[in-house]
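K.L.:
Submitted below is the structure of interest, expressed as structure tokens.
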Amino acid sequence: MKEEYVKFMVEYERLGHMKRLSDPVDDSVQHYYLPHHAVVKETSTTTKVRIVFDASCKSSSGYSLNDKLLVGPVIQDDLFTIIVRFRSHAIALSADVEKMYRQILHEPSDERYLRIRYRESPAQPIQTFQLLTVTYGTACAPFLATRTLKQIAHDHKAQYPRAVNSVLNDFYVDDLLTGTEDVLEAVEMRAQISEMLKSAGFSLKKWASNVPEALQNIPSEDLAVLPTHECN
């Protein structure tokens, strides 16, 4: 697990989702340090080890970061409503946004509240990093992510009209559960949703459908299940 932890953190920095601070770090300004630990999910088909940042850990002030954050309202339909609507379509389409939270940059002035301490091995000095993107474990993360998703739909509704309704109404956080009644329409809808979100840095992965024709031209690495062939 240690190797996976290090791999995760190296990728986090390489992708520009956190930055290393030079010593000496200025702790005279208001700031917060996030504890972090690994969570193993053996059933995951992609990343089995994820890092969780604990914004509920109380600081020396007696408050945690989450104690002070505004959570924001729920702006997506509840899961039951989304699933009922999803099951009404003759052709179902599902996918999820890859690393959704980490595609959304924080306001630079807020980065000092997302500091961590980390080193790859005991032989190295402990260093300070600042997380730059919406962070899983902070109370406001779900609202920030879902609000960003809706803004993308509003900003690009003229360019991708077949994607708007699905992006506005058929996401449960980062999971897309949508559909339609015609194969050609499903292909066009799927393409427009992908293009709309990709234009804002969101990549859709794990595509699945009850009708394989609706998934034509999707790279195999972006499918939830690889296509199979019957051998007679």
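The values are calculated or read from the model by the stated rules, or taken from the named source; none is laboratory data. Please read all numbers here as calculations on a predicted model, not as lab measurements. So basically every Cβ, Gly included, is an ideal-geometry build from the backbone, and we count neighbours across all protein chains shown. With ligands, DNA and RNA removed, areas are computed over all heavy atoms of the protein, side chains included. Shrake-Rupley method; radii C 1.70, N 1.55, O 1.52, S 1.80 Å.
K.L.:
Which one of the conditions (1) open to solvent by less than 30 Å² (accessible area, probe 1.4 Å); (2) part of a helix (DSSP H, G or I) does Pro142 fail to meet, given that it meets all the rest?
P.N.:
(1)
K.L.:
Which of the residues that make up the stretch 40-55 are loosely packed, with under 14 Cβ neighbours inside 10 Å and over 16 Å from the mean Cα position of the chain (by Cα)?
P.N.:
Of everything in the stretch 40-55, those that are loosely packed, with under 14 Cβ neighbours inside 10 Å and over 16 Å from the mean Cα position of the chain (by Cα) turn out to be Val40, Lys41, Glu42, Thr43.
K.L.:
Those residues that are farther than 19 Å from Ala90 by Cα and open to solvent by 60 Å² or more (accessible area, probe 1.4 Å), I need them from the stretch 184-202; list them, please.
P.N.:
Glu195, Lys198, Ser199
K.L.:
How many residues does the stretch 81-125 contain that are surrounded by fewer than 12 Cβ atoms within 10 Å (Cβ to Cβ) and under 29 Å from Glu213 (Cβ atoms)?
P.N.:
3
K.L.:
Residue by residue through the stretch 25-48, note down the ones that are modelled with pLDDT of 90 or more, out of contact with any helix residue (DSSP H, G or I) (no Cβ under 6 Å at 6 or more places or on another chain) and of a type in the set (Ser, Thr, Tyr).
P.N.:
Ser28, Tyr33
K.L.:
Hey, another quick one. Evaluate the following for His17: is it closer than 22 Å to Asp222 by Cβ, in contact with a strand residue (DSSP E or B) (Cβ under 9 Å, 6 or more places away or on another chain), at pLDDT 95 or above and open to solvent by less than 80 Å² (accessible area, probe 1.4 Å)?
P.N.:
yes
K.L.:
Filter the stretch 24-38 down to the residues that are free of Cβ contacts under 8 Å to residues at least 60 places away in the same chain, over 13 Å from Tyr113 (Cα atoms) and not small (Gly, Ala, Ser) and list them by number.
P.N.:
Residues satisfying the conditions are Pro24, His37.
K.L.:
Identify the single condition in (1) part of a strand (DSSP E or B); (2) touching a residue at least 40 places away in the same chain (Cβ under 8 Å); (3) over 30 Å from Gln216 (Cβ atoms) that Val71 does not satisfy, given that it satisfies every other one.
P.N.:
For Val71, the failing item is (1).
K.L.:
What are the residue pairs meeting all of these: first residue in the stretch 1-14, first residue of a type in the set (Gly, Ala, Ser), second residue in a helix (DSSP H, G or I), Cβ atoms under 6 Å, and 6 or more apart or on different chains?
P.N.:
Matching pairs, first to second residue: none at all.
K.L.:
Could you list, in sequence order, the residues of the stretch 145-183 that are farther than 20 Å from Phe86 by Cβ and surrounded by fewer than 17 Cβ atoms within 10 Å (Cβ to Cβ)?
P.N.:
Answer for the stretch 145-183, where residues must be farther than 20 Å from Phe86 by Cβ and surrounded by fewer than 17 Cβ atoms within 10 Å (Cβ to Cβ): Arg147, Gln151, His154, Asp155, Lys157, Ala158, Gln159, Pro161.
K.L.:
Tell me the residue from Leu168, Leu176, Leu204, Leu184 that is without any contact (Cβ under 8 Å) to a residue 60 or more places away in the chain and closer than 20 Å to Leu79 by Cβ, please.
P.N.:
The match here is Leu168.
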